[in-house]
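Visitor: Below: one structure in structure tokens.
The values are calculated or read from the model by the stated rules, or taken from the named source; none is laboratory data. Not measured: the values here are computed from a predicted model. We place every Cβ from the backbone using ideal geometry, glycine too, and count neighbours over all the protein chains shown. We work out accessible area using only protein heavy atoms, side chains counted, and drop any ligands, DNA or RNA first. Shrake-Rupley method; radii C 1.70, N 1.55, O 1.52, S 1.80 Å.
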Amino acid sequence: MRNTRTIISHSHEDYLESILALLDKSPVVRVTDLAQEMNISKPSVNKAVNTLKSQGMVEQERYGSITLTVKGECLARSVQMRHHVLKDFLQIIGVSEAKAEAEACEIEHNISIDTVEKLSKFLAEFRNTKDATKN
């Protein structure tokens with residue numbers, strides 16, 4: 001995994017993560033779908049999508065569906081992975097699922113890839129130890 005991150009705003013990372021989540025459910029993502037998923041207005045989505053287009057993260061024909069570029073998908077998957085690792089860790093230490101979800105969303109934007117990789121390794125070792133004690 002890379003140790004450097006593309007400079008992009010936290011909210012634009014959230015858009016990429018939401019687009020990826022929607023694409024996992026359906027091959028077509030429209031502005032309306034993204035607005036509903038993120039609970040924001042369509043004009044806000046249009047503005048963000050245009051910014052992401054200019055950064056080479058997404059593609060969209062006028063009034064067409066939104067797709068991730070390779071660059072956008074890589075960044076979206078990185079954000080998604082950070083989110084899952086953080087949420088998992090928070091739940092293991094006793095944070096409720098709802099609170100872990102909300103706090104992972106906040107932390108995922110401010111944590112380095114190196115730290116997430118170490119946290120992920122720790123979680124894997126923790127699970128292996130926990131599984132070994134069950135047997």
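Visitor: Quick check: the angle from helix 97-107's long axis to the longest principal axis of the chain, C-alpha only, nearest 10 degrees?
Guide: Taking the Cα atoms of the chain, the angle to 97-107 is about 70 degrees.
Visitor: On to the next question. In degrees, nearest 10, range 0 to 90: what is the angle between the Cα axis of helix 113-134 and the longest Cα principal axis of the chain?
Guide: In the chain, helix 113-134 runs at an angle near 40 degrees to the longest axis.
Visitor: Which whole-Hz ³J(HN,Hα) couplings does segment 53-70 yield from phi under the Karplus relation 6.51 cos²θ - 1.76 cosθ + 1.60, θ = phi - 60°, glycine and proline marked x?
Guide: Listing the rounded values in order: 5, 5, 8, x, 8, 9, 10, 7, 6, 3, 6, x, 6, 9, 10, 8, 6, 4 Hz.
Visitor: Find the all-direction average of the projected area of the Cα convex hull for segment 17-73, expressing the result in square nanometres with one decimal place. Intermediate values should be presented prior to the final figure.
Guide: Working: hull surface 13.7 nm².
Quarter of the Cα hull surface area: 3.4 nm².
Visitor: Sticking with this one: Roughly how many whole Å is it from the C-alpha centroid of segment 86-135 to that of segment 54-80?
Guide: If you average the Cα positions of each part, the centres end up 27 Å apart.
Visitor: Round to the nearest 0.05 the FRET efficiency obtained for residue 113 and residue 93 when R0 = 22 Å and r is the Cβ-Cβ distance. Could you put the intermediate results ahead of the total?
Guide: Details: r = 21 Å, r/R0 = 0.97.
It comes to 0.55.
Visitor: Among [x] 29, 28, 15; [y] 31, 16, 13; [z] 34, 15, 12, which one is semi-axes √(5λ) of the Cα gyration tensor in Å computed from these coordinates?
Guide: Label [y] holds the value from this structure.
Visitor: Pop out the carbon and sulfur fraction of the accessible area of the chain as a percent, whole number, probe 1.4 Å. All intermediate terms of the calculation are to be shown ahead of the outcome.
Guide: Working: 4360 of 8270 Å².
Ligands and nucleic acids excluded, carbon and sulfur give 53 percent.
Visitor: Ok, one more. Leaving ligands, DNA and RNA out of it, work out the accessible area of residue 54 with a 1.4 Å probe and give it in Å² to the nearest 10.
Guide: Its accessible surface works out to 100 Å², give or take rounding.
Visitor: Beyond 25 Å between alpha-carbons counts as too far, so tell me which of 47/118; 47/99; 87/121; 25/87 fall in that bin.
Guide: Details: 47/118 36 Å; 47/99 29 Å; 87/121 15 Å; 25/87 21 Å.
From 47/118; 47/99; 87/121; 25/87, over 25 Å: 47/118; 47/99.
Visitor: Which FRET efficiency value, to the nearest 0.05, do you get for residue 124 and residue 10 by plugging their Cβ-Cβ distance into 1/(1 + (r/R0)^6) with R0 = 25 Å? Before the final figure, lay out the partial values.
Guide: Working: r = 27 Å, r/R0 = 1.09.
Working from the Cβ atoms, E equals 0.35.
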